[in-house]
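Shown next, in structure tokens, is the structure this report addresses.
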Amino acid sequence: KDSIKSRHWDEVMKICDAKFDVVGNPEFKLQSLLEADLVTNREEIEEVTDGADKQLRIESQLAEIKSQWREKEFLFTEWKDRGVHVLKATPMVVEELEEAQMNLQTVLTMRHVAPFRKIAQELLGSLSETSDTLESWVKVQMMWCALESVFTGGDIAKQLPKEAKKFAKVDKDWAKIMTKASECRNVVECC
């Protein structure tokens, strides 16, 4: 079975109070298992193999989530022909982040998660941080878009020169940040 790893063989040896070298041993013989009297401990061994199957599903689920977020990219659009990029279609990304976090929380409650707990927790932490950053980013982008229209229009910028100067600096910084983000595009790396 693909799900049976060396840690499961260790459990079987402990249950049977026997020693045999199964993993990667070309000299391994069925006789070793027969001598271990596996039948006597059948129920406990079946529990180990069932657990191995469940762990394989957990491992696959974690690999799928990792792969999804290693490849997931933001979409950008240009703002008013100024050459400044802004995030586009973020609600879908937020929804996918929430779903992945929920799946990871579910995985962490599973009985057989022990060998993968640290990986699942780290991945959940990374996606939670990404989600929080994205939420703030979207709020800042909305404010920037509103202020950009106000301060690049002309009249208000003339009436409020100090504020216009402050916004010009923020605008320049925003453009640099968004250029870097649009070059990177990866959701987790950008956040």
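Readers should treat all values here as calculations from the given coordinates under stated rules, not as data from a laboratory. This structure is a prediction, so every number in the text was calculated from the model and none was measured. All Cβ positions, even for glycine, are placed from backbone atoms using ideal geometry, and neighbour counts span all protein chains on display.
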- line: Checked against a 21 Å limit on the C-alpha separation, the offending pairs among K66/K118; K1/K118; K139/K169; K80/K139; K14/K118 are K1/K118; K14/K118
field: Counting all C-alpha pairs of the range 17-173, share separated by more than 28 Å (%)
entry: 53
Dipole of the chain, positive end: most advanced residue of L123, F151, V138 [Cβ charges, Cα centre]: F151
task: With θ set to phi - 60°, apply the Karplus curve 6.51 cos²θ - 1.76 cosθ + 1.60 along the range 154-164 and write out the HN-Hα couplings as whole Hz, x wherever there is a Gly or Pro.
output: x, 4, 5, 4, 6, 6, 10, x, 5, 5, 5
message: Just to be sure I understand the curve: with the Debye formula and one point per C-alpha of the range 103-191, what is log10 I(q)/I(0) at q = 0.16, 0.17, 0.19, 0.21 Å⁻¹?
response: -0.75, -0.80, -0.90, -1.00
For the range 1-40, diffusion coefficient by Stokes-Einstein and Kirkwood Rh (Cα), 25 °C, 0.890 mPa s, µm²/s: 232
message: Under 10 Å, Cα contacts only: if you run a Gaussian network model on the chain, which one of R70, R42, R117 comes out with the highest mean-square fluctuation?
response: R42
